[in-house]
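The structure appears right after this line, and notes come after that.
What follows draws every value from the coordinates through simple rules; no lab data is involved. If you're wondering where the values come from, they're calculated on a predicted model, not measured in any experiment. Cβ placement follows ideal geometry from the backbone for every residue including glycine, while neighbour counts extend to all protein chains displayed.
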Amino acid sequence: MNFALSDEQVLLREAARGALSRFGNIEAARQALEDLRALPDLWPTVVEAGWPGMLIEEEHGGAGLGAFDALLVAEECGRVLASVPLLGLLPATTILTAAGDRSLSAIANGELRPAFVPARPPGDVEQLWTVDPRSGFARAPAPLASIEGDEVVFDGVVAFVPDVPSADELVAVGVTGEGTAVAGVFRDGPGVAVDRVVRYDATRAL
């Protein structure tokens, strides 16, 4: 089995490294602990590099790459502490691609920025779907979801979700009477409230 990177993957990694080298990301990450305005706006660079569409098929304007390819880009972002919202973006685009969502083209060209709002499935410790709590150590119940025609209505709170404050659309998981539902919700939609929280890493708004 060959574990070496392909020529295309090497070029992808080098292109990501080159794009990020134009910014003093590590120093900005330090300064942002005192002043968030120190962080550079990397979204235009992200869009220019085509990263929003990495996991979206070419027919929708994406690159049609795989998860490992996206991992190479994410690794370069982490290497220099770049404030690029891949943690929320990539899972969201994967889900929306699987669903054949109509917003894929807008996401691929950077017009729409989604973020994934996850829930943990039942396991050996927790018997229900749960999310991170606002405080304490006990897991909180996942939001409830009710399906009303073509719409999904969520009711609940999810704390400490990466990249949500900068997102336009939230791809959320909720619990229904029959199982779970996943749907997109616009961040500025009715009944949606997002409180920005910065903890130990100023490059990753929660």
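Spin-label pair E8-E75: with each label point 7 Å from Cα along the Cα-Cβ axis, the two points sit 1.8 nm from one another. About its Cα centre, the dipole of the range 7-186 is roughly 600 debye, where the only charges are +1 on Lys and Arg Cβ and -1 on Asp and Glu Cβ.
Of all DSSP-defined beta bridges confined to the chain, some 75% are antiparallel rather than parallel. Modelled label positions at A15 and E58, each set 7 Å beyond Cα in the direction of Cβ, lie 1.3 nm from each other. For V152, nonlocal amide neighbours, meaning residues 5 or more places apart or on other chains whose placed amide H falls under 5 Å from its own, do not occur. For the range 15-56, the list of trypsin sites (Lys or Arg not before Pro) that fall in a loop by DSSP and count at most 13 other C-beta atoms within 10 angstrom reads R22.
Segment A99..R199, full-extension length gain: 32.7 nm, with 0.36 nm per residue of separation and the alpha-carbon distance subtracted.
Under the combined filter of DSSP loop state and at most 16 neighbouring Cβ atoms within 10 Å, the range 1-106 retains these GluC sites (Glu not before Pro): E34, E57. Calculate the spin-label point distance for V192 paired with A38, positioning each point 7 Å from the Cα along the beta-carbon direction, and give it in nanometres. Inter-label distance under the simple model: 3.2 nm. Ranking G66, Q127, G50 by how far each Cα lies toward the positive end of the dipole of the range 7-186 (charges on Cβ) leaves Q127 at the top.
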